[in-house]
Amino acid sequence: MEGALTARDRVGVQDFVLLDSHTSETAFLDNLRKRYRENLIYTYIGTLLVSVNPYKELGIYSVKQMEIYQGVNFFELPPHIYAIADNAYRVMCTEYNNHFILISGESGAGKTEASKKILQYFAVTCPTTEQLQIVRDRLLLSNPVLEAFGNAKTLRNDNSSRFGKYMDIQFDFKGAPVGGHILSYLIEKSRVVHQNQGERNFHIFYQLLESGEEDLLRWLGLEPAPQKYMYLIQGRCAKVSSINDKSDWKTVRKALSVIDFTDTNIEHLFGVIASVLHLGNIQYEEDSNGHAIITNGSQIKWLSKVSPLGRRSFHSDLEAGIEGTSPLNIDLAFCARDAAAKAIYGRTFTWLVNKINGSLANKDLTRKTVIGLLDIYGFEVFDTNSFEQFCINYCNEKLQQLLIEMTLKAEQEEYELEGIEWEPIPYFNNKIICDLVEEKHKGIISILDEECLRPGEATDLSFLEKLEEKVGDHAHFLTRKLADQKTRKSIDWVDFRLLHYAGEVTYCVVGECGLDNKPVLCKSKNGIIKECFLPLELDNRRRPETVATQFKNSLVSLIEILMSKEPSYIRCIKPNEGKEPGKFDDVLIRHQVKYLGLMEHLRVRRAGFAYRRKYEVFLQRYKSLCPATWPHWHGSASEGVERLIKHIGYKPEEYKLGRTKIFIRFPRTLFATEDAFEYSKHLLVTRIQAKYKGCLGKREYKKQRKAAIKLEACWRGVLARKEAKKRMWAVETIRKFIKGFINRKNPICPENDEFVRFVQYTYLTKLKDHVPKSVLDQNWLKAPATLEETSELLKKICMRNLVRKYCQGITAEKKAQLQQKVIASAIFRGKKDGYVQSINQPFADTRLSISTSNLSDGLLVVHVPEDSKQKGDAILHCEHIFETVTKLCMLANKQNAVSIVQGSLQFHVSPGKEGTITFTSGQEPQIYKAKNGHLTVVRPSSRTRVLTFSQR
Ligand SMILES: Nc1ncnc2c1ncn2[C@@H]1O[C@H](COP(=O)(O)OP(=O)(O)OP(=O)(O)O)[C@@H](O)[C@H]1O
C-alpha cells in the first residue's frame with residue numbers, strides 16, 4: 001500500500017482499495033486500462049492480485065526481479081506475482097502454517113503462466129541443497145508432462161489446460177522445497193474423441209507422431225502423420241505456429257526420465273496413446289441385421305499389440321458395445337468406441353498424476369508446511385454449455401464462496417481482534433447458488449443422481465422435469481417453461497438456466513452415451529490400463545457414484561483443504577479474444593471483472609476501512625508531519641499516532657483506532673496525509689541532507705585528524721630514530737676520535753686509522769687555504785707528526801712552484817733591472833752606506849737623457865731628472881763623444897735617449913735655473929760665455945756640431 005501511495009499519481013492506483021469511487025465498475029476499468037496501457041499488468045485489491053494477460057514478454061520475470069521481491073514487505077514494491085508468492089512463503093516460514101494461492105480466470109487469462117512463475121520463483125529463491133535439487137527439478141518438470149497430456153490448443157488459448165490442478169509444494173522447517181502433491185480435476189475427456197474446428201486434441205498425440213523415434217512409432221503401429229487419425233483431424237489444425245511439438249517432445253521425454261518413469265512405464269504410456277489413436281480409426285458398417293460390424297481389422301491388430309487385449313474378445317466386445325452381449329447398431333457402436341477411448345485417456349491421465357505424485361512424495365515423516373497452487377478453470381459461458389461447463393461453473397461458485405467467506409472472516413476477525421465494532425458489509429453471498437447445485441436431496445446434483453440411478457428409463461427430459469418440480473421456484477433457476485414471455489425465446493426445451501453470481505448460463509441437458517466399457521478394459525494387459533480398470537470394480541454391487549457426485553465430493557474435499565490454509569488470490573483477466581498484446585477490450589474485461597467477483601471483493605475489502613496499518617508503521621511513515629512526533633516520539637506508538645492525527649486534523653468519522661492499528665475509512669483522507677508527507681519530504685530532505693553532509697564532514701575531519709596524528713607520530717618516530725642514529729654515530733665518532741688521539745703517535749692501526757686520516761685530511765684541507773702566495777712568504781702551517789715529511793715535500797714543491805711562477809712573471813725589463821741590481825750588489829754591498837735602502841728602489845731607465853749638437857764639437861749635456869736636481873745638468877766634453885754617448889745609451893738601454901740639436905739647447909744650471917748653450921761655426925774652436933749669458937760653443941765651420949742633451 002505504501003508503494004501504491006507513492007505511485008498513485010503516476011499510473012492510476014496500484015491498489016483498487018484506494019479508488020475513491022470503489023463501487024463504480026467504470027472507475028475500476030479505467031484504472032485497469034490506464035495501467036495496462038503502461039504495461040503494468042498487476043494491480044492489488046488489498047492482498048488479492050489482479051493480473052491482465054499482456055500477451056507479450058515484459059521482462060519482469062528475471063532472477064533480478066525475483067531478488068528485488070525477496071523478503072521485501074508486500075506493500076513496499078509495485079504489485080507483482082512474486083510479491084504474492086514471497087508473502088505466502090515468508091508468512092509460512094515465520095508462522096509455520098499452510099497456505100494456498102488460488103489462481104483463477106477464464107481460458108487464456110494466464111493462470112498456467114502465473115502458476116509456473118510462482119513455481120519458478122520458489123525454485124530460484126528458496127534455499128536448497130544438492131539433494132533437494134532433484135525434488136526441485138521434478139516439481140518443475142512435472143509441468144511439461146502434465147501440459148503434454150492435459151493441455152490442448154483451443155480457440156481461446158493455444159496451450160489451454162483442459163483439467164483443474166491443485167499442487168501442494170511441501171517445505172521443510174528451513175523453508176526448502178522437499179516434495180509435492182498434485183490433485184487433478186475433471187480432465188476434458190470429450191476432447192479425445194472430438195475437437196471443434198480450429199482446435200486440437202491433447203498435445204501428446206501430435207508430439208508423439210511428429211517427433212516419436214522411428215522404432216517407437218513402428219512398434220506402436222503409428223505413422224508420423226496426424227491427418228491419418230480420426231481423433232486428430234476434426235479440428236483441421238494439426239500444425240500450429242505457436243506450438244513446437246518437436247522441442248516439447250524432447251522436454252517431455254527428458255521430464256519422464258527425471259520423474260522416475262521406467263522404460264516399461266513409458267512403453268505402456270505410449271501404448272495407451274497409440275491405442276486411443278487406433279481406436280479412433282476403427283470403422284463400422286451395418287450388416288444385414290442392422291448391426292454394426294468392424295470393417296478394418298488392422299486397427300484391432302495394433303490395439304491388441306500395444307495394449308494387449310485378447311484379440312477376438314476385444315473385437316467382439318467393441319462390436320457388441322461392451323455392456324452386454326447384444327450387438328449394437330452403428331451409432332451406438334461408434335459411441336461405445338469413443339466412450340472406451342475417453343475412459344482410457346481419462347484414467348491414464350489420473351494414473352499419470354499419481355505416478356508424478358509418487359516421484360514427488362517426500363518419504364520423510366517430519367512435519368512440513370505447504371503452499372498450494374490452485375490453477376483452476378475460470379467461469380465458462382459458451383453458446384452451448386454442457387455438463388462440463390456446469391461442473392466448471394459450479395466449481396467457480398464454490399471458490400467464490402470460499403473467497404468471500406475467507407475475506408469476510410478475515411475482515412471480521414481483524415475488527416474483533418482490534419476491538420472495533422463490526423459493521424455489516426452489504427455483499428452478494430452466492431451460497432444460495434451453491435446450495436441450489438449441491439444441497440442434499442434438493443440440489444441439482446442430487447436430482448441428477450436420482451434420475452440416473454433410479455430404475456426405469458431416465459431421459460434428458462425427465463431429468464429436466466424433475467428439476468422444474470424440485471427447484472423450479474428457486475430465484476436462480478429457470479427453464480423455458482418457467483421463464484417469462486421475453487426470456488423464453490432464449491431457452492431451449494432441453495435447457496435449464498442458472499443465474500450464477502457471475503451471470504446467466506444456459507445448460508443443455510442432452511447427455512452422453514452411458515455405455516459401460518469397464519468389462520473390456522479390465523481385460524487389458526497393458527500395465528497402465530490394468531491398473532486403471534481393476535476387475536474389483538466389476539464385482540462392486542454398490543450403486544456407483546455419478547460423475548457429478550464424484551466431482552462434488554472432490555470439490556468438497558478441495559474446499560476443506562483450502563479452508564485449513566491461509567489464502568492468497570490471483571485473478572487473471574484476458575484482455576481480448578484475439579490474443580493480441582496491448583488490446584484492452586472493455587466489454588470482455590468488464591464481463592470478467594464481474595464474474596471474477598472483483599467488484600464484490602473490492603466492496604468487501606472497502607466495506608469497512610480503506611486503509612489499516614499498525615501504529616508503529618503509520619507513525620514511522622508520517623511522524624514528520626507533526627512537530628511533537630518528529631524526529632522521535634518517546635511515548636507509545638498508539639499515543640504518537642493519536643497526537644499525529646490530531647495535529648493533522650482527522651475528523652472522527654474518518655478513522656478508528658484499534659488495539660494495534662489505525663483504520664482509515666476513506667482513501668481521500670489517506671491521500672491528503674500522503675500529499676502532506678510528500679511535501680514535507682522536501683523540507684526533510686534538505687535537513688537530512690545538511691545533517692548528513694555535516695556528518696560526512698565530521699567523519700572526514702576525524703579521519704583526516706586521525707591520519708595526521710598517525711603521520712605525525714610516524715614522522716616524529718622517524719626523526720627521533722634519525723636523531724638517535726646521529727647521536728650514536730657522533731658518540732661512536734668521538735669515541736673513535738679520542739682513541740685515535742690517544743694512539744695518534746703509533747703507526748697506523750685500526751685504533752688510530754680514522755683519527756690520523758681525519759687529522760691528515762683536516763691539515764691538508766687547511767693547508768690548501770694557507771699556502772704561501774709569494775716566494776718571500778715564509779709562513780707554513782705546522783704539520784701533524786704523521787705528515788711532517790709530506791709537509792716538507794709539499795713546502796718545497798710549493799716554493800719551487802712559486803719561484804717558477806715568479807721567474808715566469810719577470811719581464812725582460814725587470815730582468816735587466818735585476819741584473820743591474822746584481823751588479824750594483826757586487827759593487828756596493830757592504831761597502832757603501834745607503835746601499836741597502838737603495839735596493840728597493842728600481843733603477844729607472846728614464847732618469848738619463850743626453851743632448852749633443854749636430855756639429856763636430858765634443859760637448860755633451862747629461863740631463864739630470866728634475867726631482868733630484870740638487871744641482872744642474874752635467875756638461876761634459878770628451879774626445880770620443882760617439883763612443884761615450886753610444887755606451888751611455890747602451891747602459892741606459894735607450895737609444896732614443898739622445899737628442900741631437902741644431903743651434904742651441906737648454907739645460908739646468910741649478911734647480912730652477914736654466915741656461916742655454918749656443919752652437920755656432922767659426923774659424924777657431926772655442927767655448928765662452930756670450931754677452932747674452934749663453935754658453936757659446938764655436939766649432940770650425942765645416943765640422944762644427946752642437947750636441948744638446950734634453951730631457952724628454
Ligand atoms: N504474464 C504473462 N506474460 C506474457 N504472456 C503471458 C502471461 N500470461 C499469459 N501469457 C500468454 O497467454 C497465453 C495463455 O496463458 P495461460 O495458458 O497461462 O492461460 P490459462 O489461463 O492457463 O488458460 P487455460 O485456462 O486455457 O489453461 C500463454 O501461452 C502466454 O502466451
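The values are calculated or read from the model by the stated rules, or taken from the named source; none is laboratory data. Since the model is a prediction, treat every value here as computed from it, not as a measurement. Using ideal geometry, Cβ is built from the backbone for each residue, glycine included, and neighbour counts are taken over all protein chains shown.
Data for the structure
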quantity	calculated
Near pairs, Cβ below 8 angstrom, 6+ apart or cross-chain, from region 99-127 (farther than 13 Å from I84 by Cα) to any residue that is assigned to a helix (DSSP H, G or I) and among the polar types (S, T, N, Q)	S104/N396; G105/Q592; E106/Q592; A109/Q592; K116/N143
Residue among G12, G71 that is buried (at least 20 other Cβ atoms within 10 Å of the Cβ), more than 16 Å from the ligand (Cβ to nearest atom) and either among the acidic types (D, E) or in a loop (DSSP other than H, G, I, E, B) (or both)	G12
Any chance S104 is assigned to a helix (DSSP H, G or I), touching a Leu at 6+ places or on another chain (Cβ under 8 Å) and within 10 Å of the ligand (Cβ to nearest atom)	no
Close pairs (8 angstrom Cβ cut-off, 6 or more residues apart or separate chains): under 12 Å from H474 (Cβ atoms) in region 428-443, of a type in the set (A, V, I, L, M) and not in a helix (DSSP H, G or I) anywhere	I432/A475; I433/L498; I433/L499; L436/L498; V437/L498
When residues of region 374-398 are limited to those that are within 12 Å of the ligand (Cβ to nearest atom) and charged (D, E, K, R), the one farthest from Y595 (Cα to Cα)	D375
Helices (runs of 4 or more DSSP H) (entirely within region 548-661) containing at least 1 residues that are away from the ligand (no atom under 16 Å from the Cβ), over 19 Å from I45 (Cβ atoms) and of a type outside the set (D, E, K, R)	586-595, 615-622, 637-648
Among the candidates K34, K64, K56, K117, residue that is assigned to a helix (DSSP H, G or I) and within 16 Å of the ligand (Cβ to nearest atom)	K117
Residue check, I447 over 30 Å from F171 (Cβ atoms), of a type in the set (V, I, T) and surrounded by fewer than 22 Cβ atoms within 10 Å (Cβ to Cβ)	yes
N87 within 16 Å of the ligand (Cβ to nearest atom), surrounded by fewer than 24 Cβ atoms within 10 Å (Cβ to Cβ) and in contact (Cβ under 8 Å) with a residue 40 or more places away in the chain	no
Selected residue (criterion: modelled with the lowest pLDDT) from residues of region 467-512 that are part of a loop (DSSP other than H, G, I, E, B) and aromatic (F, W, Y)	Y501
Qualifying position, being within 16 Å of the ligand (Cβ to nearest atom) and modelled with pLDDT of 90 or more, among M230, M167	M167
Listing of helices (runs of 4 or more DSSP H) fully contained in region 166-238 that carry 3 or more residues being free of Cβ contacts under 8 Å to residues at least 12 places away in the same chain	214-220
Any hit, region 684-695, residues being in contact (Cβ under 8 Å) with a residue 12 or more places away in the chain and either surrounded by fewer than 18 Cβ atoms within 10 Å (Cβ to Cβ) or of a type in the set (A, V, I, L, M, F, W, C) (or both)	yes
K398 within 30 Å of K530 (Cβ to Cβ), surrounded by 15 or more Cβ atoms within 10 Å (Cβ to Cβ) and touching a residue at least 40 places away in the same chain (Cβ under 8 Å)	no
Any hit, region 136-145, residues being within 13 Å of the ligand (Cβ to nearest atom) and among the β-branched types (V, I, T)	no
Conditions (1) out of contact with any Leu (no Cβ under 6 Å at 6 or more places or on another chain); (2) part of a helix (DSSP H, G or I); (3) away from the ligand (no atom under 16 Å from the Cβ): number failed by A27	(1)
Any chance K656 is closer than 30 Å to T23 by Cβ, of a type outside the set (A, V, I, L, M) and either over 39 Å from the mean Cα position of the chain (by Cα) or modelled with pLDDT of 90 or more (or both)	yes
Matching entry among A148, A123 (being within 16 Å of the ligand (Cβ to nearest atom) and assigned to a helix (DSSP H, G or I))	A148
For V124: the one exception among (1) modelled with pLDDT of 90 or more; (2) surrounded by 19 or more Cβ atoms within 10 Å (Cβ to Cβ); (3) of a type in the set (A, V, I, L, M, F, W, C)	(2)
Within region 735-843, helices (runs of 4 or more DSSP H) holding 1 or more residues that are modelled with pLDDT of 90 or more and farther than 30 Å from P865 by Cα	750-770, 788-809
In region 148-158, the residues that are closer than 19 Å to W249 by Cα and either in contact with a helix residue (DSSP H, G or I) (Cβ under 7 Å, 6 or more places away or on another chain) or of a type in the set (K, R) (or both)	A148, F149, G150, N151, A152, K153
